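The values are calculated or read from the model by the stated rules, or taken from the named source; none is laboratory data. Source: prediction; values computed, not measured. Positions of Cβ are generated from backbone atoms using ideal geometry, with glycine treated the same way; all protein chains shown enter the neighbour counts. These area figures cover heavy atoms from the full protein model, side chains too; ligands, DNA and RNA do not enter into them. Shrake-Rupley method; radii C 1.70, N 1.55, O 1.52, S 1.80 Å.
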Amino acid sequence: VPRAVEPAPPFDWARERARRLGVVVHALLAQIAVDGSDVWNGERLAAQTARIVAHLVSEGALPSEAPQEAVDVRATLARVLGDERGCWLLDPAHAEARSECALAGLDEGDVVHVVLDRTFVAEGVRWIVDFKTGTHEGADPSAFLDAEVERYRPQLSRYARIVSALDPTPIRLALYHPRVPGGWREFSGTAPGFDGSA
């Protein structure tokens, strides 16, 4: 008996490309956070091209496309390194500084595993920062960034709840979009019972 076969959904090249860029940028941001931004410059970024291309290919880029994608990776990293806030976020001198920090904990009765892009303590506040590597083509970057806060608030709120169960230090949450003008948004998190309100 013949049966209907659902067609496969179309492959979303743009989303896959953005995912690859994010993976590679996050890995290099973690390395910069160990080394310190002061030892990274345009020359060192350029010297990473072969490594970046290889990483992109390992994440699924076609070898013919990877060099152009590597240009975007380097441009994103250059934006971070050229930004005072970006350098502050990656400063290895912060107390309890960690990048790609994997945690597990109970959240609303469920065991969950999370990975914090960047966390550290500065001036008595624990920062939990989520790096975003996308761009915004629209006319109002501020509205876009506000919408991103609402989009990622549940995820960051979960991070705050898990961290606050381990550490009573006051928490600030932030999104950092280095490729978007004014790409920094922060909001508060508190100790147990954090409900995501800013």
Practice task
Answer with yes or no whether Asp91 is within 18 Å of the chain's Cα centre (by Cα), open to solvent by less than 50 Å² (accessible area, probe 1.4 Å) and not aromatic (Phe, Trp, Tyr).
Solution key: no
Exercise for the section: Would you mind stating whether Phe131 is modelled with pLDDT of 95 or more and within 19 Å of Pro154 (Cβ to Cβ)? Expected result: yes
Practice task
Scan the range 105-124 residue by residue and report those that are assigned to a strand (DSSP E or B), over 25 Å from Val25 (Cβ atoms) and touching a residue at least 12 places away in the same chain (Cβ under 8 Å).
Solution key: Gly105, Leu106, Asp107
Problem - When residues of the range 134-164 are limited to those that are open to solvent by 60 Å² or more (accessible area, probe 1.4 Å) and either over 18 Å from the mean Cα position of the chain (by Cα) or among the aromatic types (Phe, Trp, Tyr) (or both), the one nearest to Arg17 (Cα to Cα) - result: Glu137
Exercise for the section: Please find, among Glu96, Glu100, the residue that is within 13 Å of the chain's Cα centre (by Cα), in contact (Cβ under 8 Å) with a residue 24 or more places away in the chain and exposed (fewer than 15 other Cβ atoms within 10 Å of the Cβ). Expected result: Glu100
Handout entry: Selection within the range 165-198 - open to solvent by 30 Å² or more (accessible area, probe 1.4 Å), touching a Ser or Thr at 6+ places or on another chain (Cβ under 8 Å) and at pLDDT 90 or above
Key = Pro170, Arg172, Arg179, Gly182
Practice task
Take Trp13 and decide whether it is among the aromatic types (Phe, Trp, Tyr), loosely packed, with under 14 Cβ neighbours inside 10 Å and at pLDDT below 95.
Solution key: yes
